[in-house]
Structure formats: C-alpha cells, structure tokens
1. Condition (residue is touching a Gly at 6+ places or on another chain (Cβ under 9 Å), among the aromatic types (Phe, Trp, Tyr) and either under 20 Å from Asn135 (Cβ atoms) or touching a residue at least 12 places away in the same chain (Cβ under 8 Å) (or both)) applied to the range 18-33: is it met by at least one residue?
2. Would you mind finding the one in Ile7, Ile52, Ile68 that is within 22 Å of Gln176 (Cα to Cα) and either out of contact with any Pro (no Cβ under 6 Å at 6 or more places or on another chain) or among the β-branched types (Val, Ile, Thr) (or both)?
3. Out of all the residues in the range 246-258, is one or more exposed (fewer than 14 other Cβ atoms within 10 Å of the Cβ) and assigned to a helix (DSSP H, G or I)?
4. In the range 55-74, what residues are surrounded by fewer than 20 Cβ atoms within 10 Å (Cβ to Cβ) and of a type outside the set (A, V, I, L, M, F, W, C)?
5. Would you mind telling me which numbered condition in (1) of a type in the set (Val, Ile, Thr); (2) touching a strand residue (DSSP E or B) at 6+ places or on another chain (Cβ under 8 Å); (3) surrounded by fewer than 19 Cβ atoms within 10 Å (Cβ to Cβ) Ile158 fails?
6. Checking Ala87 against (1) at pLDDT 90 or above; (2) in contact with a strand residue (DSSP E or B) (Cβ under 7 Å, 6 or more places away or on another chain); (3) hydrophobic (A, V, I, L, M, F, W, C): exactly one of these is not met. Which one?
7. Within the range 76-193, considering only helices (runs of 4 or more DSSP H) that don't extend past its boundaries, which have at least 1 residues that are in contact (Cβ under 8 Å) with a residue 60 or more places away in the chain?
8. Answer with yes or no whether Asn97 is surrounded by fewer than 22 Cβ atoms within 10 Å (Cβ to Cβ) and either at pLDDT 90 or above or over 16 Å from Thr18 (Cα atoms) (or both).
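The values are calculated or read from the model by the stated rules, or taken from the named source; none is laboratory data. What you see is a predicted model; the values in this text were computed from it and never measured. Reconstructed Cβ throughout: ideal geometry from the backbone, glycine too, with neighbour counts over all protein chains shown.
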Amino acid sequence: MSDSIAITSGKGGVGKTTIAVNLSIAYKKLLNDVLLLDTDLGMANSHVLLGINPDLTLLDVMNGKKNIGDVVFKTNTGVELVSGGAATSELLNLTNNQRYTVLNSIEEYLSDKNNAKLIVDIAAGAEDNSIVFANACNRVVVVIIGEPTSFIDSYALIKAINATSSFKNFSIVVNQTENYQQSIELFKKFEKIAMRFLDVKLHYVGFIEYSKYIKDSIINRKPIILSDPKSDISLRFTKIATEILKTPKNVWGGLSFFNEIKKRA
C-alpha cells in the first residue's frame, strides 16, 4: 500500500530539505520504491543536496510539455526525484487546476507500485501551495528548532492544515539541537503551546543534533546518510523514518495523492 509523507516547517532555514532528502534515502533502504517530490516551488533545492541537476521539472508537467514519468530523475541513491524547478511566477502562483494536475500525475505514476513511499518536500510557511500539498499527504512531519519564531510559525502552519483538512496527527522532528534531552524539552514546550489552542495530537519522532558533518554534507552535495551511513546521525535518520510509520495516518475527504485516502474518509 502506497503512503505519502509531507515534510514541512513553519519557517525556512530549519533544515527541512536536508531532513527530507536523508529520510528519503533511509526509506529506500527499508522499501522498494521511494519518490521524493519537491514542491518547494521556485525555491526547490532537493536536487542540490543530492548532487544532481535535472533538466526537466514539475513546470514541464504543468505546462503540458511532459508527462510525470518524463521528469522523474533516477538518482544514484535509488530514490526517484521530481524537482520543483527554479523560481518563476508560474511556479510561485499555481492555479488549483495546476495543483490537481500534480496530484493526479503522481497518483497515476505510483499506481502500479506496491508499498511505495512518496516523500513530499513542502515549502516553508502556510501559503496556499504548502497547505494544499500537505493536505494531500496522509502523514505530516513538521520540523522545528529551538527558536521562538520556529514555534510561532510552526503553530500557525499546523493550525492552517488542521483548519482546512481536520488533520489531527502531526509528527515533530526537533532539528539543530544539542542532545536528546534538549530535544524532548523543546518538544514539550511546543506541544504545550499547540495543545492549548488546537485539537491535535503531536507525535515526537526524533531529533537531529547540530553537526558540522551535516553542514559538510550539504556543501559536498552528498547526504550524510550516504557519506557516513554508520554514524549516529545517519542511524537517527533511519530511526526517525521508522517512528514516522508508527504514527496514525490522517484521513479526509478532499483531494489527495492516493485515492485510497479518499475512499476511507
């Protein structure tokens, strides 16, 4: 059964795409098929972290020039990538029809794959594109860091997703922290804020410490889970990937990447 996981954040600069890329590779080690869809349209950089430069992007699909299969780039990690492309007004201001084209194209592409994982790297913040693509996934992961702006913006994002889809389950990854204990303290502080005003359930799924090795992996354009697969950080990515799958799926009656979600709602 195919599954879709949104990787989101309330604000930029919290390491969301680094986490999305490394989690995609972690899932590839556990499963047969993994597709990373970069919907951070106009600011897409998953391909940069993977060290590749796709010639074709989602824009070619939305313009009707290519089918989704034509723009899927098979990386040397085994993960398939659909890049969001470079900044253009066409990508930054999508119509609903264009968004639906993306949803339907992905569903069609993955329809014959068993137990595929769709990882969707979603633009930071609560703009229309971010909310629509997050709502289309059955699991939502929010990346936070220990800063007031991250808390405030992540709360606003969860509130917006919940208001538009009634999703109640959100996985939280605490990034750029010192250790496990600090990550738990930050999670509990954020949970207290969210639970005070929202009818949602937050699931702590793990943390990634601040590390120069991750910074080096970004500069070298080689994800740390590949460059140093036995490191504590790489093993944490694998554990986070597993913990996410233990959380309840969200269901709703709107448009989604997979029809099975609509049928259950």
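1. No.
2. Values: Ile52 fails: within 22 Å of Gln176 (Cα to Cα); Ile68 fails: within 22 Å of Gln176 (Cα to Cα).
Answer to the check: Ile7.
3. Checking the range 246-258: at least one residue is exposed (fewer than 14 other Cβ atoms within 10 Å of the Cβ) and assigned to a helix (DSSP H, G or I).
4. Residues satisfying the conditions are Asp55, Asp60, Asn63, Gly64, Lys65, Lys66, Asn67, Gly69, Asp70, Lys74.
5. For Ile158, the failing item is (3).
6. Result: Ala87 passes all but (1).
7. Numbers: elements: 89-92, 96-110, 128-135, 148-165.
Fully inside the range 76-193 and qualifying: 96-110, 128-135, 148-165.
8. Working: surrounded by fewer than 22 Cβ atoms within 10 Å (Cβ to Cβ): yes; either at pLDDT 90 or above or over 16 Å from Thr18 (Cα atoms) (or both): yes.
Yes.
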